[in-house]
Structure formats: C-alpha cells, structure tokens
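Structure record follows, encoded as structure tokens.
The values are calculated or read from the model by the stated rules, or taken from the named source; none is laboratory data. Here the structure is a predicted model, which is why all the values come from computation and not from measurement. Positions of Cβ are backbone-derived with ideal geometry, glycine not excepted, and every protein chain shown enters the neighbour counts. Only protein heavy atoms, including side chains, enter the accessible area calculation; ligands, DNA and RNA are left aside. Shrake-Rupley method; radii C 1.70, N 1.55, O 1.52, S 1.80 Å.
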Amino acid sequence: MSELLAGPIADRHAALGASFAAFGGWNMPVSYAGTVAEHTAVREAVAIFDVSHLGKALVSGPGAAEFVNSTLTNDLGKIVPGKAQYTLCCNSSGGVVDDLIAYLVSDDEVFLVPNAANTAAVVAQMSAVAPEQISITDQHRDLAVFAVQGPRSPEVLTALGLPADMEYMAFVDAELSTADGNKPVRVCRTGYTGERGYELLPRWDDAGAVFDVLLEAITAAGGQAAGLGARDTLRTEMGYALHGHELSPEITPVQARSSWAVGWDKPSFFGRDALLAEKEAGPARRLYGLKATGRGVPRADCAVRLGDNPIGVCTSGTFSPTLKQGIALALLDTASGVAKGDQVVVDVRGRDLTCEVVIPPFVPSHV
C-alpha cells in the first residue's frame, strides 16, 4: 500500500488534536471536537475545513475556455470571467470520471478543482484531445484550499479585509494580512455544506500562515475547525453527490439528478451521445433520499426493498445531526415505480429499517 500523502498543515491539525483517516490517498483530519459539534458549528455559526487534498489544474492558452467547454458537461458560455461553475468530466458511456469546479478566469485561462484521487484521470482525458496551443498543468501541490462555511462566514472574511459580498459562485483574487506578511488568496463564494460559505485558495507554502489567521477569526466568531466527518454529514443532508458514491464511472449525471450540470444544447462534451440517449429513454435508476421513520441509521451499500422486491442500494448513509434521525441517498430502479412519499425497507446488517422516500435536500439550503 502506498504511503498516504500529507497536506501542507498536518502539524497544525495534530496540534489541534485531530483524529485522522485515509481519504483519496491523503491522510485527512476527520474530527477535532466531535463530528456533531463541528456539524452544528457550520449550521449555526462558522467552521473551517482544510480540503487542500483537492486537485488543482490550470488550462491555459488561446481558446482555453472554448476547449474546456467542448469537453466538460456544463456550459461555460453561461457564465462570465470571475465566476465559477460546477461541472462533470464524463466517459464515453456517460459515467462520471469526476465532478469538479471550473473557475473561468478569462477566455484563455480556466482553473479546475477536481477531486483528489481523480485529478490525474481528468488531466489525462483532457490532455488526450487538447490542441497544441492548449496547456494543461497539474497544480495539485501549488495551492491549498480552505473552506470557511456557516452563517457567520461573511463577517469572518470582512473582519480580515477579504471580499465577502460577491454573488454565489463568484470569485475574487485578494490579499490576506498574516504574521508572515500579505498573502495572495483566491476567494470563491461556494462550498459543500449548504450554508453560506467560501473556499479560499492560498499558495501551498502560505497555507500555515493563512490558516492561523482564519482559525483565530473563526474562533472569535464562535466557530471552530471541522473535519471530514462533519463535511460528510453536512453534504448528505443537502443531497450533494460524493464521487465514488452518488457519481462514478458507472453512475451517470442523469441517474444522479445532476442533469442541471449538463449543457444539453452544446455540440460537444465527453459522453454527450450516451447521455442524450439516456435522457431520451429515461434512466433505469435514479437517486432518491431516504429518511428513517424509526431508530436506525442506513449506510452505504445497504440493500433497499419495496415490499418484498429488491429495488436498489444506498450510496451514502448517516445520522443527521440536524434532523436527529438516519438519512441516506440511494439509487433506486425506476421500473419499480417507487416515488416520493413511498415507504421502503433498508436492510441494515440484517435488520429491517423502514424509510420514507424523499427528494433531497433533507434540510433547507442557505447558500
């Protein structure tokens, strides 16, 4: 087994008492004060996540934006420079190689943030069809990523002299004053929690100085550091897809209710023909939410039944700290006729757990 990669501020996580686990080939902080406390901090105040394991890639050269738009699913033509967009890199059968954020810097520059484990695959697939004038550079260890999330996140950024009043999915290049001098930081109003929040990208070597300033301001605002445990409960409550669970090379955006991130009218993008055919025919399975009606927590890979008939499988499952009940995301067969409001049964380690079928999110969004 290959050695796990370490982020730029592993020493600070250890000093904060973090517990660690492997994720996407990286040694990641899972929790500090406890997942429920960290989850609650995001919903009610503010917290900071170190997600520097996320990939980074720069697509540059004459017509870079046009090239990216011909490969990834969403339509970059719908946004302007200074805005970011959720999009997908699909394979020829319509499955998802990765979901990522594309930052439109200019017609000749697009910055991509894929998932950690899939960065190389995305870069390779795009490089294979890139014209000579387009350069695709892997910048995985050039930049760190910190997510500042929660209703008090705007006041934290404002107190530090960072921009906070931009539109959703807009980004601004700014500077943050630290004990080690001013540091360049790209600030984007986005996140993975369903709360008002921002993702900040400083240089990898500046990560420690930037994190120290952010954590001090967040603590002063009644917040704290948060780990992957809270990140997962927060995104599951919102019904946000996690690659390898709700999206994969075998799971298409049509099945995962991510069709909104597909520019259906575009003449080309990876997987276009297969996705158009599936959209026209209707998917054989579709993502739903499941809400436990009794005590119990559904988990990923648990089988789902409608009556006595197997109809699908849970892709993610957790205890919702907000709702105080078990919730799950599940891919269910459309031929079963299952619909919102139906009662289904989840097999949790041999015990039947009755759940109500819902359409995510489980809690309101405040982005």
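Mean residue ellipticity, 222 nm, helices only, the chain: the sum of -39500 (n - 2.57) across DSSP H runs of n ≥ 4, divided by residue count and rounded to 500, is -5500 deg cm²/dmol.
Simple spin-label estimate for Gln139 and Glu3 gives 2.8 nm between the two label positions (7 Å along the Cα-to-Cβ direction from each Cα).
Around Glu175, what is the net charge, scoring Lys/Arg as +1 and Asp/Glu as -1 over all other residues with Cβ under 13 Å from its Cβ? Local charge sum for Glu175: 0.
Centroid-to-centroid, using Cα positions, segment 130-200 and segment 78-112 are 17 Å apart. Between Asp108 and Ser268, the FRET efficiency estimated from the beta carbon spacing at R0 = 25 angstrom works out to 0.80. Only lysines eight or more places from Lys279 in sequence, or on another chain, were considered; those with a Cα closer than 16 Å are Lys266. The residues of the chain have, on average, 41 Å² of accessible surface per residue, using a 1.4 Å probe with all protein chains present.
Based on C-alpha pairs under 8 angstrom that are at least 6 apart in sequence, the chain has a relative contact order of 18 percent. Taking a ≥ b ≥ c as the square roots of the eigenvalues of the alpha-carbon gyration tensor, the chain is classed oblate because a/c is 1.5 or more while a/b is no larger than b/c.
Length gained on full extension, Ser177 to Ala220: 13.8 nm, using 0.36 nm per residue less the C-alpha separation.
Stretching the chain fully between Ser365 and Lys324 yields a gain of 13.0 nm (0.36 nm per residue, less the alpha carbon separation).
How many angstrom lie between the Cα centre of segment 309-334 and the Cα centre of segment 26-42? Answer, in whole Å: 22. Computed over protein heavy atoms with a 1.4 Å probe, the carbon and sulfur contribution to the accessible area of the chain reaches 51%.
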